[in-house]
């Protein structure tokens, strides 16, 4: 149960979820297809970063935790010397879990 | 207290607004970018007491914004709290070096926010007092009204690398969240600070501190270190890691550097400040108490027995 004052923000967050799902799905395909993988991964990281800052506060702790992990993995992957495709292998399963969790919470 | 908060995520900004209002802070300006924040500061009549800045923002990030705020004279000492997530924690060093006072982790924890804002509120109060003293001094136009006691950790004009003592403690605490637990510190004590304070006007004493701090910056220019004036004629230097330092050489270079100001002290009929560098104190940092104790031990090593006089006041400010 969240603070009543946060209800409008929760509604807004849930409202953003569908478009974010679409964005993340498209970006995942772009990385898998080798289309601008670096900027695509960076954008995935940015979306995850935004969600990780608010999801738990708004009553979505699992989305919060998963998006934080995606954010951190992407951040590490983009700054590492290793091949991007190699790093992506550790990001994608987490992203998959995050997308599943977002889908399960689409109706708030 | 008038607060300016900046975050590129409107949802987070709304949450922050709710949390701050719940704590009784109602005078809020919430903006979505560094450019908007700077524009707000330029609005005539707008004056903020403290800032909350998201680190991870597109275009101008929070660290750059922090640096820009510090360049504005009236905000040189205003508390700046960085707001960050785990993925951006590596920027915390840069944020402190740019002049941040403290940091807060996302997602927001209301208990932590309350504690941090309490400290910020006390800092704002302290700085209002300091600003008032400076205004008095400026008004006097040569008639010296600046008043502070020896224990006061005054802000030293021109001490560019110097940060607030509280910010130094906060910096040490950040090392614990970055798998970089080992930290070290040492202190530099002006041995005859008490004597000089007794003989000089407050402004002359302040000038003496400025002389010492400028030499300190020069001697430590190659070190990745943060430093602060702790009051009682003592400077503290904190380092990330436990690397070896030749403190005897640092002490010699400091005293040689200070000696170049000799003529000024002859004219002022004051003794030359002489400094002693204490031992390097190491600690693994997990709590505010341990960070605070490490700094106290560093100070005690430089000053010797009875060195705790100023520490009580500093702890009071930080508690």
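The values are calculated or read from the model by the stated rules, or taken from the named source; none is laboratory data. Only a predicted model underlies this, so the values are computations on that prediction, with no experimental measurement involved. Quick reminder, even Gly has a Cβ in these numbers, built from the backbone with ideal geometry, and neighbours come from all protein chains shown.
Can you give me the number of residues within region B:11-32 that are surrounded by fewer than 20 Cβ atoms within 10 Å (Cβ to Cβ), touching a residue at least 40 places away in the same chain (Cβ under 8 Å) and at the interface with chain A (Cβ under 9 Å from one of its Cβ atoms)?
Result for region B:11-32: 1.
Looking at (1) farther than 19 Å from residue B:105 by Cα; (2) surrounded by fewer than 20 Cβ atoms within 10 Å (Cβ to Cβ), find the lone condition where residue B:37 falls short.
Tallying (1) farther than 19 Å from residue B:105 by Cα; (2) surrounded by fewer than 20 Cβ atoms within 10 Å (Cβ to Cβ), residue B:37 fails exactly one: (2).
Check region B:50-57 and report whether any residue there is touching a helix residue (DSSP H, G or I) at 6+ places or on another chain (Cβ under 9 Å) and more than 18 Å from residue B:103 (Cα to Cα). Give the derivation first.
Let us first name the residues in region B:50-57 that are touching a helix residue (DSSP H, G or I) at 6+ places or on another chain (Cβ under 9 Å), namely B:50-57.
Narrowing the set further to residues that are more than 18 Å from residue B:103 (Cα to Cα) leaves none.
No, region B:50-57 contains no residue that is touching a helix residue (DSSP H, G or I) at 6+ places or on another chain (Cβ under 9 Å) and more than 18 Å from residue B:103 (Cα to Cα).
It is to be established whether one or more residues within region A:3-14 are facing another protein chain (nearest Cβ under 10 Å), in contact with a helix residue (DSSP H, G or I) (Cβ under 9 Å, 6 or more places away or on another chain), more than 21 Å from residue B:8 (Cβ to Cβ) and not in a helix (DSSP H, G or I).
Taking every residue of region A:3-14 in turn, at least one turns out to be facing another protein chain (nearest Cβ under 10 Å), in contact with a helix residue (DSSP H, G or I) (Cβ under 9 Å, 6 or more places away or on another chain), more than 21 Å from residue B:8 (Cβ to Cβ) and not in a helix (DSSP H, G or I).
To keep it simple, each residue is scored yes or no on (1) away from every other protein chain (no Cβ under 13 Å); (2) at pLDDT 95 or above; (3) out of contact with any helix residue (DSSP H, G or I) (no Cβ under 6 Å at 6 or more places or on another chain).
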| residue | (1), (2), (3) |
| --- | --- |
| A:21 | yes, no, no |
| A:31 | yes, no, no |
| A:35 | yes, no, yes |
| A:44 | no, yes, no |
| A:50 | no, no, yes |
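Can you find a residue in region A:26-44 that is within 10 Å of the chain's Cα centre (by Cα) and buried (at least 20 other Cβ atoms within 10 Å of the Cβ)? Please lay out each step first, then the result.
Our first condition is that a residue be within 10 Å of the chain's Cα centre (by Cα); within region A:26-44, this holds for A:43-44.
From what is left, the residues that are buried (at least 20 other Cβ atoms within 10 Å of the Cβ) are A:44.
Checking region A:26-44: at least one residue is within 10 Å of the chain's Cα centre (by Cα) and buried (at least 20 other Cβ atoms within 10 Å of the Cβ).
Given the residues B:95, B:100, B:78, B:37, which is the only one that is part of a helix (DSSP H, G or I), under 27 Å from residue B:223 (Cα atoms) and either out of contact with any helix residue (DSSP H, G or I) (no Cβ under 7 Å at 6 or more places or on another chain) or more than 14 Å from chain A (Cβ to nearest Cβ) (or both)?
Values: B:100 fails: part of a helix (DSSP H, G or I); B:78 fails: part of a helix (DSSP H, G or I); B:37 fails: under 27 Å from residue B:223 (Cα atoms).
Answer to the check: B:95.
Is it fair to say residue B:230 is out of contact with any helix residue (DSSP H, G or I) (no Cβ under 7 Å at 6 or more places or on another chain) and either in a loop (DSSP other than H, G, I, E, B) or touching a residue at least 24 places away in the same chain (Cβ under 8 Å) (or both)?
Values: out of contact with any helix residue (DSSP H, G or I) (no Cβ under 7 Å at 6 or more places or on another chain): no; either in a loop (DSSP other than H, G, I, E, B) or touching a residue at least 24 places away in the same chain (Cβ under 8 Å) (or both): yes.
Considered against the rule, which asks whether it is out of contact with any helix residue (DSSP H, G or I) (no Cβ under 7 Å at 6 or more places or on another chain) and either in a loop (DSSP other than H, G, I, E, B) or touching a residue at least 24 places away in the same chain (Cβ under 8 Å) (or both), residue B:230 comes out as no.
Could you list, in sequence order, the residues of region A:37-58 that are more than 15 Å from residue B:10 (Cβ to Cβ) and in a helix (DSSP H, G or I)?
Once the filter is applied, which keeps residues that are more than 15 Å from residue B:10 (Cβ to Cβ) and in a helix (DSSP H, G or I), region A:37-58 yields A:37, A:38, A:39, A:40, A:41, A:42, A:43, A:44, A:45, A:48, A:52.
Every residue in region B:103-119 that is in contact with a strand residue (DSSP E or B) (Cβ under 9 Å, 6 or more places away or on another chain) and either within 14 Å of chain A (Cβ to nearest Cβ) or not in a helix (DSSP H, G or I) (or both), please. Explain how you work it out, then say what you get.
Quick first cut of region B:103-119, residues in contact with a strand residue (DSSP E or B) (Cβ under 9 Å, 6 or more places away or on another chain) only: B:103-106, B:108, B:112-113, B:116-117, B:119.
Of everything in region B:103-119, those that are in contact with a strand residue (DSSP E or B) (Cβ under 9 Å, 6 or more places away or on another chain) and either within 14 Å of chain A (Cβ to nearest Cβ) or not in a helix (DSSP H, G or I) (or both) turn out to be B:103, B:104, B:105, B:106, B:108, B:112, B:113.
Among the residues of region B:78-117, which ones are buried (at least 19 other Cβ atoms within 10 Å of the Cβ) and within 17 Å of residue B:2 (Cα to Cα)?
Within region B:78-117, B:78, B:79, B:80, B:81, B:82, B:101, B:113, B:116, B:117 meet the criteria.
If a residue must be outside any loop (DSSP other than H, G, I, E, B) and in contact (Cβ under 8 Å) with a residue 24 or more places away in the chain, how many such residues does region B:249-264 contain?
We begin by selecting, within region B:249-264, every residue outside any loop (DSSP other than H, G, I, E, B); these are B:249-259, B:262-264.
Still in the list and also in contact (Cβ under 8 Å) with a residue 24 or more places away in the chain: B:250-251, B:253-254, B:257-258, B:264.
Of the residues in that region, 7 qualify.
Sort out which residues of region B:40-59 are more than 14 Å from every other protein chain (Cβ to nearest Cβ) and surrounded by 17 or more Cβ atoms within 10 Å (Cβ to Cβ), and write them in order of number. Working first, answer last.
Just the residues of region B:40-59 that are more than 14 Å from every other protein chain (Cβ to nearest Cβ), to begin with: B:40-51.
Residues satisfying the conditions are B:41, B:48, B:49, B:50, B:51.
Can you find, within region A:63-108, the residue that is modelled with the lowest pLDDT among those that are away from chain B (no Cβ under 13 Å) and more than 20 Å from residue A:31 (Cβ to Cβ)?
The residue in question is A:108.
Inside region B:1-20, can you point out the residues that are closer than 19 Å to residue B:112 by Cα, in a helix (DSSP H, G or I) and in contact with a helix residue (DSSP H, G or I) (Cβ under 8 Å, 6 or more places away or on another chain)?
Answer for region B:1-20, where residues must be closer than 19 Å to residue B:112 by Cα, in a helix (DSSP H, G or I) and in contact with a helix residue (DSSP H, G or I) (Cβ under 8 Å, 6 or more places away or on another chain): B:12, B:14, B:15, B:18, B:19, B:20.
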